[in-house]
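To start, the structure itself, in structure tokens.
The values are calculated or read from the model by the stated rules, or taken from the named source; none is laboratory data. Since the structure is predicted, the reported quantities are computational estimates derived from the model, not experimental observations. Here the Cβ positions follow ideal geometry from the backbone for every residue, glycine too, while neighbour counts run over all protein chains shown.
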């Protein structure tokens, strides 16, 4: 994914998250990431999530006033939690 498409995707998610955050009463947000794309997403030697995408995620969580947790997953797993439970 080139940088301009990636930026549009992140910006769109950010806008949607801000609106969703106002209507949802969640105290915790879990963000799935493929942490193998520095400088956007990566893990440091201590296993901490770093990068531009993480900074955006943390800023969104702060704006929404929710606890933010990052979970590392490969891209093909990213949409699995979005499927209905009875789907294969």
(request) Would you mind telling me which numbered condition in (1) modelled with pLDDT under 65; (2) surrounded by fewer than 17 Cβ atoms within 10 Å (Cβ to Cβ) residue 17 fails? (result) (2)
(request) Could you list all residues from region 52-81 that are within 11 Å of residue 33 (Cα to Cα) and modelled with pLDDT of 90 or more? (result) 53, 54, 57, 69, 70
(message) Looking only at region 23-32, count every residue that is in contact with a helix residue (DSSP H, G or I) (Cβ under 9 Å, 6 or more places away or on another chain) and either in a loop (DSSP other than H, G, I, E, B) or modelled with pLDDT under 85 (or both) and tell me the total.
(response) 3
